[in-house]
Amino acid sequence: HKAREVNGVKAAIIRVTAGFLDGDGEKFTVDDIAAALKISKKTIYKYFDGKEQPAKAVFDDIIAKTESAQKDLRAKASDARRMLIDYLILFMEIYRLNRDAVFRMYGLSESLKKHVLRAAEKNRDGFISLYEEYAPSAQTDADTLKTVICGTLKEIYNCKNRAEKAEKCLAFVLR
């Protein structure tokens, strides 16, 4: 019972931190997290050293979900083009987390930024290997693809219809 309660409190702290990270760009503090949960700062510090740890947990959760979804895509792929598009959309989630502005905006550390950057690079490289495996006849090399994908993500990220934009990007790359 005690372990479940601990996990519930930690999960609530992480959930509220995720809300702040997904919010309107206001910096937040441990005080803000505590106020949102109506608990004391002491309770938060009982489980975490500060806002960095729950923020890392948020990023790690998104990274893990993305990696799991990538494996599912590979396992269930019947249409290579659709799989590449879906994979690119997953890549956008990691990209969203990896922008410098996110870390400056919320006052997060350089080490956390590097952690997320490594995940983004791994995700991008996974997309590249998938592309090379399923689109070997395409005339685009990996370095060019990285440039096109990373540049395109900046444009795609704020679009309402990400799938359509991703499809257009891939249509260009796969021609």
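Before moving on, here are some points about what is shown:
- Additional length obtainable on full extension of the chain from Glu110 to Ser40, 0.36 nm per residue less Cα span: 22.5 nm
- Taking 26 Å as the limit for the C-alpha separation, the pairs Lys27/Lys71; Lys122/Lys168; Lys10/Lys71 exceed it in the case of Lys27/Lys71; Lys10/Lys71.
- For the range 6-21, Karplus couplings with θ = phi - 60° (6.51, -1.76, 1.60), whole Hz, Gly/Pro x: 4, 4, x, 5, 4, 4, 5, 4, 5, 4, 5, 4, 4, x, 5, 5
- The slack between Ile89 and Thr29, meaning 0.36 nm per residue of separation minus the straight C-alpha distance, is 18.5 nm.
- List Lys27, Lys56, ordered by accessible area with a 1.4 Å probe, largest first: Lys27, Lys56
The values are calculated or read from the model by the stated rules, or taken from the named source; none is laboratory data. What you see is a predicted model; the values in this text were computed from it and never measured. Quick note on the areas: whole protein, heavy atoms, side chains included, nothing else; ligands and nucleic acids left out. Shrake-Rupley method; radii C 1.70, N 1.55, O 1.52, S 1.80 Å.
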